[in-house]
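To start, the structure under review is shown below, and the notes come after it.
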Amino acid sequence: MRKLSLANLAQNELQKNEANKVKGGACFCTCICTCPPDYKIDLRIADKSEGGQFIMAG
Amino acid sequence: MKKSSWFYLDPYVHIAIKQGHALVYNTLTGQALEEDSPVIVDLIKKLNTKKHLLVVELGEEELNNPEIAAFVGRVRSHFSGDLIDKSYSGGKPLLMRPQVKVQKDVEELKKGGEGYVGEEIMNYLTEISLYIDNSCTGECSSCAGGYRQFLSCTRGHTPEELEIEDIKRFLNEAQGSSLFKVTILGGDIFAYSKFTELVGYLNKYSKPKTFHSHYLHLEGREEEIGQIDRAFTSFSIQVDVPVKEDRLAGVAAMLARLGLSQDAHYLFVIQKEEEIDEVEAVASRLKLAQFTFKPFYNGNNLAFFKDNIFVNKAELLLLKPSLKQIFSRMKLNPLSFGKITVLSNRGIYANVNAKKIGVLGRDSLYDVVLREMFTGGSWRRSRERVSPCKSCVYCYLCPPLTGYEYSLKRNNLCNLVD
């Protein structure tokens, strides 16, 4: 992997974002659950600090 | 009796089909199959329908088709699917085909009116960057365009600075949000007329802060830096290349005296390949704990970008984007989502390359976040929305759009699509 590749730079940036989220006190986790009968999977980010309220995030 | 089998793809496999071209990507191993044959593309299309849910029946005739047999072999060798003898099952097996669905998708919520969308909208806000002033006497070559490509200081021709009361009001509005980072930039942030008052306010502000400064602006600012509360505070130090090493050494020594070496992150702005080695040598000599390269497109270094920055297939697969990452890239831009920038002219942006979404002192933070969610101009700008990426099967495996695409005036910073 070339160190300046956009793929690498973006990955580093995203990892830094994740680390900052933790530092900022917001604990994010991803909940994936199945929702029959549509067989869809919800991608949700739960903010535990707000009692498991679901929000959309990157 | 003719033998037939169930052929299935595993649910952790990402399937993309565009213009007669199909990609079967295993999100666990990072292996990908690209298929062009109409017979195979049709088979993948069929597998990917709600009706078939990743499982189709293959009869003896189809299994004897060399093209299909070879594809099945490739899928099996990648652990992306398998064949099961039909006699093992009483009925058609079912696989849960993952499909992204955002619980509070703004496009759905919009149907319920503005108030409904705005209900919990402040939870989307994650970062605020404030350009508190634009004064600087430096002559960096990356100054005019750098801030459009990455978070960078910049100067203006006519002096501007944000009102301290407007800054406080804006940040106070963010107190109940999911904000996890406030970045202070300039110009020269130490030249801001209310710097001491701002630091006093930020010291009490509960969210993590980053002070972004050009390294030459830090010289002789020991007293001002000393006023900053170290708790939840970091420093981004921008360094243009060629580096004035003795002066950078002085800054690094000053930060060490203040006990801030571990909180300092050096951002080296480079414009050509030779500068990579130069930066690594300087960072090694000065024992800089954390440093990052920030490639700058100056309009004349396309070859440097093509050779070093443009992505290729091998690198995309090496990073093994997960199903979760792919899903989020379908719906939004994970690099810019939740970020707000306020320039020293008071303009508020979700992306400094896009249209202004508000004015500091006039619009509330809530209003600008709502506006951005409604228009989706930046936060939800995925590669699916732009050409030629939307025609490429790799568009969700690619890194999200950055400031570089705007500066280079092309969305495909890759060697995959011409």
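For B:Pro159, the conditions (1) at pLDDT below 95; (2) surrounded by fewer than 16 Cβ atoms within 10 Å (Cβ to Cβ); (3) farther than 28 Å from B:Ile270 by Cα; (4) not small (Gly, Ala, Ser) are fulfilled apart from (3). The single residue among B:Lys287, B:Lys244, B:Lys272 that is within 28 Å of the chain's Cα centre (by Cα) and charged (D, E, K, R) turns out to be B:Lys272. Looking only at residues of the range B:301-322 that are buried (at least 21 other Cβ atoms within 10 Å of the Cβ) and assigned to a loop (DSSP other than H, G, I, E, B), we find that the one that is nearest to the other protein chains (Cβ to nearest Cβ) is B:Ile309. Checking the range B:326-337 against the condition returns no match, with no residue being more than 10 Å from chain A (Cβ to nearest Cβ), in contact with a helix residue (DSSP H, G or I) (Cβ under 8 Å, 6 or more places away or on another chain) and outside any loop (DSSP other than H, G, I, E, B).
Is at least one residue of the range B:360-375 farther than 17 Å from B:Val106 by Cβ, charged (D, E, K, R) and either in contact with a helix residue (DSSP H, G or I) (Cβ under 7 Å, 6 or more places away or on another chain) or away from every other protein chain (no Cβ under 12 Å) (or both)? Yes, because at least one residue in the range B:360-375 is farther than 17 Å from B:Val106 by Cβ, charged (D, E, K, R) and either in contact with a helix residue (DSSP H, G or I) (Cβ under 7 Å, 6 or more places away or on another chain) or away from every other protein chain (no Cβ under 12 Å) (or both). Filter the range B:88-99 for residues that are within 44 Å of the chain's Cα centre (by Cα) and either of a type outside the set (Lys, Arg) or within 21 Å of B:Pro38 (Cα to Cα) (or both) and give the result. Listed by number, the residues that qualify are B:Pro93, B:Leu94, B:Leu95, B:Met96, B:Pro98, B:Gln99.
Looking at this structure, is B:Glu35 surrounded by fewer than 15 Cβ atoms within 10 Å (Cβ to Cβ), at pLDDT 95 or above, of a type in the set (Asp, Glu) and outside the structural domain of B:Lys313 (by TED's automatic domain parsing)? So B:Glu35 does not fit the description; no. For the range B:71-87, residues that are over 14 Å from B:Glu34 (Cα atoms), part of a helix (DSSP H, G or I) and either among the aromatic types (Phe, Trp, Tyr) or in contact with a Leu (Cβ under 8 Å, 6 or more places away or on another chain) (or both) total 1.
Condition first: under 31 Å from the mean Cα position of the chain (by Cα), within 14 Å of chain A (Cβ to nearest Cβ) and within 25 Å of B:Tyr396 (Cα to Cα). Can you find one or more residues in the range B:64-83 that meet it? Checked the range B:64-83: no residue is under 31 Å from the mean Cα position of the chain (by Cα), within 14 Å of chain A (Cβ to nearest Cβ) and within 25 Å of B:Tyr396 (Cα to Cα). Is it the case that some residue within the range B:169-177 is of a type in the set (Gly, Ala, Ser), over 22 Å from B:Gln238 (Cα atoms) and surrounded by fewer than 17 Cβ atoms within 10 Å (Cβ to Cβ)? Yes, the range B:169-177 contains a residue that is of a type in the set (Gly, Ala, Ser), over 22 Å from B:Gln238 (Cα atoms) and surrounded by fewer than 17 Cβ atoms within 10 Å (Cβ to Cβ). Of all residues in the range B:58-80, those that are closer than 19 Å to B:Asp10 by Cβ have Cβ atoms under 7 Å from Cβ atoms of residues that are assigned to a loop (DSSP other than H, G, I, E, B), 6 or more apart or on another chain, in B:Leu58/B:Ser4; B:His78/B:Thr29; B:His78/B:Gln31; B:Phe79/B:Thr29; B:Ser80/B:Asp10. Among all residues of the range B:268-277, there is none that is within 14 Å of another protein chain (Cβ to nearest Cβ), at pLDDT below 95, touching a Ser or Thr at 6+ places or on another chain (Cβ under 6 Å) and outside any helix (DSSP H, G or I).
A quick yes/no check of all residues on (1) at negative phi; (2) buried (at least 21 other Cβ atoms within 10 Å of the Cβ); (3) facing another protein chain (nearest Cβ under 9 Å):
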site: B:Gly299; (1), (2), (3): no, no, no
site: B:Lys324; (1), (2), (3): yes, no, yes
site: B:Val342; (1), (2), (3): yes, yes, no
site: B:Arg346; (1), (2), (3): no, no, no
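Residues considered: B:Tyr366, B:Tyr396. Of these, the only one that is part of a helix (DSSP H, G or I), hydroxyl-bearing (Ser, Thr, Tyr) and in the same structural domain as B:Tyr124 (by TED's automatic domain parsing) is B:Tyr366.
Scanning the range B:136-154 for residues that are free of Cβ contacts under 8 Å to residues at least 40 places away in the same chain and surrounded by 21 or more Cβ atoms within 10 Å (Cβ to Cβ) gives a single hit, B:Thr154. Pairing each residue of the range B:104-118 that is under 14 Å from B:Lys331 (Cβ atoms) and within 11 Å of chain A (Cβ to nearest Cβ) with any residue that is part of a helix (DSSP H, G or I) and at pLDDT 70 or above, provided the two are 6+ apart or on different chains, yields C-beta distances under 7 Å for B:Val106/B:Met373. When B:Lys409 is tested against (1) away from chain A (no Cβ under 11 Å); (2) under 28 Å from B:Ala144 (Cα atoms); (3) touching a residue at least 12 places away in the same chain (Cβ under 8 Å), just one condition goes unmet, and that condition is (3). Of the residues making up the range B:399-414, those that are in contact with a helix residue (DSSP H, G or I) (Cβ under 8 Å, 6 or more places away or on another chain) and in a loop (DSSP other than H, G, I, E, B) number 7.
Within the range B:178-215, the residues that satisfy the criterion of being more than 14 Å from chain A (Cβ to nearest Cβ) and polar (S, T, N, Q) are B:Ser193, B:Thr196, B:Asn203, B:Ser213.
Considering only the range B:300-341, how many residues are among the acidic types (Asp, Glu) and closer than 14 Å to A:Met1 by Cβ?
Here is the first cut: in the range B:300-341, the ones among the acidic types (Asp, Glu) are B:307, B:315.
Keeping just the survivors that are closer than 14 Å to A:Met1 by Cβ gives B:315.
The number of residues fulfilling the criteria is 1.
The values are calculated or read from the model by the stated rules, or taken from the named source; none is laboratory data. Worth saying up front: this structure is predicted, and the values here are computed from it rather than measured. Every residue, glycine among them, receives a Cβ derived from its backbone with ideal geometry; neighbour counts consider all protein chains shown.
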